[in-house]
Amino acid sequence: MLHTIPFKYRKKKKIKKGPRTNYAGTEPVTVYVMLPLGIINMECKLVYSPHDLMSQLTTLKSIGVDGITVNICWGIVEANKPRDYNWEGYKQLFSIIRQSGFKMQVVMSFHECVGDDAHIPLPKWIKEIGQKNPDIYFTDRQGMRNTETLTWGIDEERVLGDRTAVEVYTDCMRSFRDEFDELFQDLSILEVEVGLGACGELRYPPSSSGVFQFQCYDKYLRKSLEKAAETAQDSSWGTPPDCSTFFCDNYDYNSPRGTFFLKWYSQYLIDHAVRVLKMAVPLFKPPITSVKISGMHWGYATDNHAAERAAGFCDGYRPIASILRKQNAHLNFTCVEADEFVCKVENAGWSAGIGVTSENGFPCYDREGYGKILEVAKPRNDPFDRCIASFTYRGLNQTLLEQHNLREFELFVKKMHGTIKKYEDVIVDAVALRTRAGLKKSEHV
């Protein structure tokens with residue numbers, strides 16, 4: 001949610017202590033539910049029965065869910081040959097969602113997608129290029145290649161046939177925009193989240209060894225670092241530091257060389273975001289374009305912030321929020337359960353004047369878990385009563401659709417909408433719930 005009034009002119013509210021119990025009258029938050037990753041197979045065909053899918057969507061509609069989130073996997077739509085796009089399964093899926101009366105949030109996933117029900121690698125033709133030139137992948141100090149996503153070092157290098165990585169992403173997004181132009185024109189698609197790194201998040205990928213490692217040892221990023229070191233008039237700084245000692249008690253990360261490296265490392269992350277968003281935002285207007293930021297919350301309380309800095313967040317989140325504002329993009333923060341840490345990211349977005357959205361990182365079916373999400377989505381102690389613009393629930397499955405769990409989720413949705421004061425306001429009768437979902441008495445919700 002955008003706030004254009006300068007902070008110093010806004011009227012602060014009186015801070016109340018303790019958890020919020022009454023959400024009636026609070027700012028409404030749009031609630032999306034993400035469909036399972038495996039709903040479209042590698043041949044770009046809809047796996048689910050249209051009847052079963054429509055039944056699930058009808059149930060979600062009956063409890064007030066606003067929209068549906070769909071992952072568009074690059075490894076499916078451009079699987080075999082460059083510029084050979086297949087949208088057939090997504091056409092059928094979007095048609096069913098539209099018939100159900102839902103708006104859509106679409107995630108453009110340019111990484112290897114892994115879920116409970118699917119594993120979708122990068123396109124086959126990208127893998128073939130990678131066999132001949134493994135430097136198209138992020139690489140750590142030990143030479144381990146991370147094949148989940150492409151290194152940002154080839155954003156402007158014509159190493160993917162006759163195209164750069166940014167051109168490849170742009171061509172895929174343009175094909176999607178052209179294929180589903182009608183859904184953009186009538187605003188059936190309200191938001192497009194553009195994947196910018198590992199897991200679709202704007203961050204450097206983790207090391208396969210499980211320890212913090214800088215992912216800049218491919219030849220393209222090494223070349224960029226060496227060039228930056230020459231500009232800094234110290235060519236010895238052109239070699240990335242060793243993470244095993246960099247974040248230790250001798251504070252290498254605060255030395256002149258450490259400061260230089262971290263600035264270069266984080267700036268490359270920001271430059272990548274700018275390069276892609278400059279192409280994506282104009283393509284998808286008027287729908288919102290958003291970017292997912294990773295929840296690197298472990299070790300957050302330490303002085304060295306090793307997890308955040310190894311991921312590329314060397315100066316916190318405000319620089320990222322600032323460039324998202326300049327590119328007219330929203331910030332989506334994953335792992336909303338990390339409450340105190342999330343508040344830091346929320347404030348960075350709100351201070352920059354951009355919309356902040358979020359999603360859960362873990363399955364949630366109980367009132368306590370939903371309560372934690374609500375406290376982050378609508379923080380009671382925020383002096384300006386700010387809240388996130390939308391929330392995406394990840395975890396649509398039969399467990400969620402069980403009668404008791406569905407009632408809890410309906411309560412959560414109503415609190416997000418600001419239309420409920422207490423739990424008893426929710427319809428709890430099982431027969432009534434089935435009727436609202438358009439099911440027979442003998443059928444399960």
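The values are calculated or read from the model by the stated rules, or taken from the named source; none is laboratory data. This structure is a prediction, so every number in the text was calculated from the model and none was measured. All Cβ positions, glycine included, derive from the backbone under ideal geometry; neighbour counts span all protein chains shown. Accessible surface is based on the protein model in full, side chains and every heavy atom, while ligands, DNA and RNA are left aside. Shrake-Rupley method; radii C 1.70, N 1.55, O 1.52, S 1.80 Å.
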Only residues that are open to solvent by 60 Å² or more (accessible area, probe 1.4 Å) and touching a Ser or Thr at 6+ places or on another chain (Cβ under 6 Å): list them for region 274-288, please.
MET279
Looking at region 213-231, is at least one residue of a type in the set (Val, Ile, Thr) and either within 25 Å of the chain's Cα centre (by Cα) or surrounded by 16 or more Cβ atoms within 10 Å (Cβ to Cβ) (or both)?
no
Scanning region 385-400 for residues that are acidic (Asp, Glu) and modelled with pLDDT of 95 or more gives none
On the basis of being closer than 16 Å to CYS199 by Cβ and open to solvent by less than 30 Å² (accessible area, probe 1.4 Å), does PHE138 make the cut?
yes
What are the residues in region 335-354 that are open to solvent by less than 10 Å² (accessible area, probe 1.4 Å) and either under 15 Å from LYS292 (Cβ atoms) or in contact with a Cys (Cβ under 8 Å, 6 or more places away or on another chain) (or both), if any?
VAL336, VAL342, VAL345, GLU346, ALA348, GLY349, ILE354
Go through region 187-203 and give me each residue that's at pLDDT below 95 and open to solvent by less than 10 Å² (accessible area, probe 1.4 Å).
ALA198
Would you confirm, using the coordinates I've provided, whether LEU411 is out of contact with any Ser or Thr (no Cβ under 7 Å at 6 or more places or on another chain) and under 17 Å from THR69 (Cα atoms)?
no
Considering residues that are aromatic (Phe, Trp, Tyr), out of contact with any strand residue (DSSP E or B) (no Cβ under 6 Å at 6 or more places or on another chain) and open to solvent by less than 10 Å² (accessible area, probe 1.4 Å), the number found within region 355-402 is 1
Can you tell me which condition TRP298 does not meet? The list is (1) aromatic (Phe, Trp, Tyr); (2) at pLDDT 95 or above; (3) within 17 Å of PRO205 (Cα to Cα), and all the others hold.
(2)
Lone qualifier among ILE97, ILE129, ILE120, ILE72 - being farther than 26 Å from VAL31 by Cα and under 22 Å from the mean Cα position of the chain (by Cα)
ILE120
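Rundown of residues vs (1) out of contact with any Gly (no Cβ under 8 Å at 6 or more places or on another chain); (2) within 21 Å of ASP271 (Cα to Cα), yes/no style:
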{"residue": "ILE68", "(1), (2)": "yes, no"}
{"residue": "GLU78", "(1), (2)": "yes, no"}
{"residue": "TRP87", "(1), (2)": "yes, no"}
{"residue": "SER100", "(1), (2)": "yes, no"}
{"residue": "ILE120", "(1), (2)": "no, no"}
{"residue": "GLU128", "(1), (2)": "yes, no"}
{"residue": "GLY153", "(1), (2)": "yes, yes"}
{"residue": "GLY161", "(1), (2)": "yes, no"}
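Okay, residues lined up against (1) of a type in the set (A, V, I, L, M, F, W, C); (2) more than 22 Å from ASN80 (Cα to Cα); (3) within 19 Å of the chain's Cα centre (by Cα):
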position	(1), (2), (3)
GLN142	no, yes, no
ILE154	yes, no, no
ALA165	yes, no, no
ARG174	no, no, no
ASP178	no, no, no
Kindly indicate the residue of region 107-153 that is touching a strand residue (DSSP E or B) at 6+ places or on another chain (Cβ under 6 Å) and assigned to a loop (DSSP other than H, G, I, E, B) and also nearest to VAL291 (Cα to Cα) among those meeting that condition.
HIS111
Scan region 27-69 residue by residue and report those that are of a type in the set (Val, Ile, Thr) and closer than 16 Å to ASN397 by Cβ.
VAL33, ILE39, VAL47, THR59, ILE63, VAL65, ILE68, THR69
Subset of region 304-334 (residues that are open to solvent by less than 20 Å² (accessible area, probe 1.4 Å) and polar (S, T, N, Q)):
ASN332, THR334
